[in-house]
Amino acid sequence: MPLAPGGLLQLSPEGLYCPAARAWIDPWRPVPRALITHAHADHARPGCGEYWAIGASEGILRERLGAEIQLLPVDYGQLHRIGDARVSFHSAGHVLGSAQIRLEAGGESWLVSGDYKRCADPSCTPFEPVQADVLISEATFGLPIYRWQSGAEVAAEILEWWRTAPERPSVLFCYAFGKAQRVLAELHRLGVGDEVLLHGAVDRLMGPYRDSGVAMPPTRPLTQLERGADLAGRLLIAPPAAHRSRGLGRFAKAQNGFVSGWMAVRGARRRRGYGRGFVMSDHADWGGLLQSVKDSQAQQVYVTHGQSSVLARYLQEVEGISAEPLEGHFEAERFDDDEATPAGAEAAAIAASSPAN
């Protein structure tokens, strides 16, 4: 069941296309109908005629793509007839409202995973195993070196780091959508009730999480902090783009840390200029990727993003599963997710550790 003209799914100049549904999945150019796995900017682009997405992601999508977009909110597990295809959305466990999209028509079924993770996360719906004839899976962290601790364990490390510096502020850098809210939810589960300061890019995306009932500590936008306020012992959460920015001048003497799966790569924290690295990812680790492929019972697997060639070869040679990477334009369109593509130094370290070398 190849990605070729006449198949249920095929690659077009706009991205992954389903002719039976007359719809594109996470298109990278404007199209009449887009089926969206989640609201990260490398999966949800502006300019489409209509968007189908999980209802919980509506607030984020409208914040990022515009309040006026034509959005058709759907529920997990609900079956839809779109054109000549049957389409359903299933939880991916990646971020709020993230989904795997299953399509069925002409006697075959395909599952597009989007981004996903298997570990517990109090800020979003857990991953749901789904079966299909063909699976398109991500491989952002598709190397055996990536094995995640639980979010609770990492949050405990963050809390200890924060509490052991009561004489100065702490700045924690993490992606504004998904990672920041997960960290807050994990801290809440550890009993943290202190007010946490938020950079504006993070604060703008908090509403949908609060509306969905995700329990987090009280927060305050940094812009509402009183002039001359005592910052000792305060925690600020900010996106990586704010690192060393003028807007954080008051935090020049703060201790800082970075939360990302790339912190598992030796030297990544030092190269990026952070004082402390915390390994927490919203993508599946090596074991999670393998388990998801097996759970899908797919006869054919296509692997995208990150270490696609390594994972495809392992599935083919070790697990005996027909698999191949999706290269070329589909790969090149990956962008704007802090964990989607590592910086050059991390990429070199990863390549050196690859079993293909």
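See the values below:
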item	result
Output for region 96-146, where each listed residue is of a type in the set (A, V, I, L, M), surrounded by fewer than 19 Cβ atoms within 10 Å (Cβ to Cβ) and under 25 Å from residue 309 (Cα atoms)	145
Strands (runs of 3 or more DSSP E) wholly inside region 1-84 that include at least 3 residues being over 17 Å from the mean Cα position of the chain (by Cα)	10-12, 15-18, 50-54, 71-74, 79-82
Helices (runs of 4 or more DSSP H) contained in region 219-335 and holding at least 3 residues crowded, with 18+ Cβ neighbours inside 10 Å	268-272, 286-296, 308-317
Whichever residue in region 1-46 is closer than 13 Å to residue 103 by Cβ and of a type in the set (S, T, N, Q) and, among such residues, is surrounded by the most Cβ atoms within 10 Å (Cβ to Cβ)	37
First in region 1-28 and among the small types (Gly, Ala, Ser), second anywhere and crowded, with 21+ Cβ neighbours inside 10 Å and assigned to a loop (DSSP other than H, G, I, E, B), Cβ under 7 Å, 6 or more apart	15/26; 15/27; 20/8
Those residues of region 54-80 which are more than 14 Å from residue 124 (Cβ to Cβ) and hydrophobic (A, V, I, L, M, F, W, C), in sequence order	61, 65, 67, 69, 71, 72, 74, 79
Selection from region 128-177 of residues that are hydrophobic (A, V, I, L, M, F, W, C), within 19 Å of residue 302 (Cβ to Cβ) and in contact with a strand residue (DSSP E or B) (Cβ under 6 Å, 6 or more places away or on another chain)	130, 132, 134, 135, 136, 139
Subset of region 101-159 (residues that are basic (Lys, Arg) and touching a residue at least 60 places away in the same chain (Cβ under 8 Å))	117, 118, 147
Residue match in region 283-304 (condition: under 16 Å from residue 175 (Cα atoms) and within 23 Å of the chain's Cα centre (by Cα))	yes
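Coordinate-derived values only; no laboratory data. Quantities reported herein were computed from a predicted structural model and do not represent experimental measurements. Cβ coordinates were reconstructed from backbone atoms using ideal geometry, including for glycine residues, and neighbour counts include every protein chain displayed.
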